[in-house]
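The values are calculated or read from the model by the stated rules, or taken from the named source; none is laboratory data. Just so it is clear, the structure is predicted and the values come from calculations on it, not from any experiment. Using ideal geometry, Cβ is built from the backbone for each residue, glycine included, and neighbour counts are taken over all protein chains shown. Remember, those area values only see protein heavy atoms, side chains included, never the ligands or the DNA or RNA. Shrake-Rupley method; radii C 1.70, N 1.55, O 1.52, S 1.80 Å.
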Amino acid sequence: MIRIDPSLAPKPPRQLTSLEFLDLFTTEEQLAVATAAMNFAQVKLWYDRTLAAMFITLADPRTEAGLEALVQAGLLTAERKAEIVGAMA
């Protein structure tokens, strides 16, 4: 019988609830996104989909795309994006 060390098995991607995910953002960042959602359809769509998701994970390419869109919109810095991604790992 072959035994596999469980510590060597790849970890499944971490899954966060929408609230856990949004809590990775500072209050100021959350307010900036909420304000932008009132003025920009793309941000509103991202925010609505985030709230509607069963969970948020880095395994979903929409997570990376959404975070990058927030950077491009000036709502997050690239450094903050990296911190959020690191907290999700």
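Scanning the range 73-82 for any residue that is farther than 16 Å from residue 17 by Cβ, touching a residue at least 40 places away in the same chain (Cβ under 8 Å) and among the basic types (Lys, Arg) turns up at least one such residue. Once the range 12-32 is narrowed to residues that are in contact (Cβ under 8 Å) with a residue 40 or more places away in the chain and aliphatic (A, V, I, L, M), the residue that is nearest to residue 52 (Cα to Cα) is 16.
Which of the residues that make up the range 56-67 are touching a helix residue (DSSP H, G or I) at 6+ places or on another chain (Cβ under 7 Å), assigned to a helix (DSSP H, G or I) and not small (Gly, Ala, Ser)? Steps first, please.
Keep residues of the range 56-67 that are touching a helix residue (DSSP H, G or I) at 6+ places or on another chain (Cβ under 7 Å), which gives 56-58, 66-67.
Next, from what is left, pick out any that are assigned to a helix (DSSP H, G or I): 66-67.
Residue satisfying the conditions is 67 alone.
The single condition from (1) outside any helix (DSSP H, G or I); (2) modelled with pLDDT of 95 or more that residue 29 fails is (1). Among the residues of the range 6-64, those that are among the hydroxyl-bearing types (Ser, Thr, Tyr) and either closer than 15 Å to residue 76 by Cα or surrounded by fewer than 13 Cβ atoms within 10 Å (Cβ to Cβ) (or both) comprise 7, 17, 26, 27, 35, 47, 63. If only residues of the range 68-89 that are touching a helix residue (DSSP H, G or I) at 6+ places or on another chain (Cβ under 6 Å), assigned to a helix (DSSP H, G or I) and open to solvent by less than 50 Å² (accessible area, probe 1.4 Å) are counted, the one that is nearest to residue 39 (Cα to Cα) is 71.
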